[in-house]
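Asks: Can you keep this structure in mind? I'll have questions shortly.
The values are calculated or read from the model by the stated rules, or taken from the named source; none is laboratory data. Keep in mind that what you see is a predicted model, and the values were worked out from it rather than measured. Glycine also receives a Cβ, built like all others from the backbone with ideal geometry; neighbour counts cover every protein chain displayed.
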């Protein structure tokens, strides 16, 4: 019997780049429950080398992260990219603010939307695109009220029970 060799995340990322497909790193699952997503924008992100290596190992948390507009630029605040063990003294600060890259038209559009009452910018997911570049999907969101959250729980539960019923037949 042959042993199955388990691939490391870095090897999977290289394979995804060579096959021309994007590879999912992390997703902010709480965003879909806490917020109503009105619009999504794909942004680039400025990272250090040790941060990219840490992302290849899926060591990021977007749970408490948000996006701010400061001095005409977008910044990712509160994202926790764990330190890369082999970087030693050249490591990065895990929770440092990171600059996001967007086109000027998109920046103007998203800035206007962000200053509307009740809207906020939330990172939804981070991934490597087909060229191996890290991209961040940012959502223009409105916070849900308690009754909206209950409604989404009911619809998810109903969908789950319908899926179970169709599988049994």
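Asks: Report, by residue number, each residue of segment 82-106 that is modelled with pLDDT under 90 and within 17 Å of the chain's Cα centre (by Cα).
Replies: Filtering segment 82-106 down to residues modelled with pLDDT under 90 leaves 82-95.
Across segment 82-106, the qualifying residues are 82, 94, 95.
Asks: When segment 33-43 is examined, which residues are found to be crowded, with 16+ Cβ neighbours inside 10 Å and within 14 Å of the chain's Cα centre (by Cα)?
Replies: 41, 43
Conditions tested, residue by residue: (1) more than 27 Å from residue 21 (Cβ to Cβ); (2) under 21 Å from the mean Cα position of the chain (by Cα); (3) crowded, with 18+ Cβ neighbours inside 10 Å; (4) at pLDDT 90 or above.
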{"site": "68", "(1), (2), (3), (4)": "yes, yes, no, yes"}
{"site": "125", "(1), (2), (3), (4)": "no, yes, yes, yes"}
{"site": "128", "(1), (2), (3), (4)": "no, yes, yes, yes"}
{"site": "147", "(1), (2), (3), (4)": "yes, no, no, no"}
{"site": "157", "(1), (2), (3), (4)": "yes, no, no, yes"}
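Asks: Residues to consider are 117, 135, 109; find the one that is loosely packed, with under 10 Cβ neighbours inside 10 Å and either outside any helix (DSSP H, G or I) or within 22 Å of the chain's Cα centre (by Cα) (or both).
Replies: Values: 135 fails: loosely packed, with under 10 Cβ neighbours inside 10 Å; 109 fails: loosely packed, with under 10 Cβ neighbours inside 10 Å.
None of the other options fit; the residue is 117.
Asks: Anything in segment 88-106 that is assigned to a loop (DSSP other than H, G, I, E, B) and out of contact with any helix residue (DSSP H, G or I) (no Cβ under 6 Å at 6 or more places or on another chain)? List them, or say none. Before the answer, list the steps.
Replies: Of all residues in segment 88-106, those assigned to a loop (DSSP other than H, G, I, E, B) come to 91-97, 102-103.
Residues satisfying the conditions are 93, 94, 95, 96, 97, 102, 103.
Asks: Would you mind telling me which numbered condition in (1) touching a helix residue (DSSP H, G or I) at 6+ places or on another chain (Cβ under 9 Å); (2) over 25 Å from residue 24 (Cα atoms) residue 113 fails?
Replies: Only one criterion is unmet by residue 113, namely (1).
Asks: Report, by residue number, each residue of segment 41-87 that is more than 22 Å from residue 29 (Cα to Cα) and in a loop (DSSP other than H, G, I, E, B).
Replies: Within segment 41-87, 46, 47, 48, 71, 72, 83, 84 qualify.
Asks: For segment 76-105, give me each residue that is surrounded by 15 or more Cβ atoms within 10 Å (Cβ to Cβ) and in contact with a strand residue (DSSP E or B) (Cβ under 8 Å, 6 or more places away or on another chain).
Replies: Scanning segment 76-105 gives 76, 77, 78, 79, 81, 82, 92, 94, 98, 100, 102.
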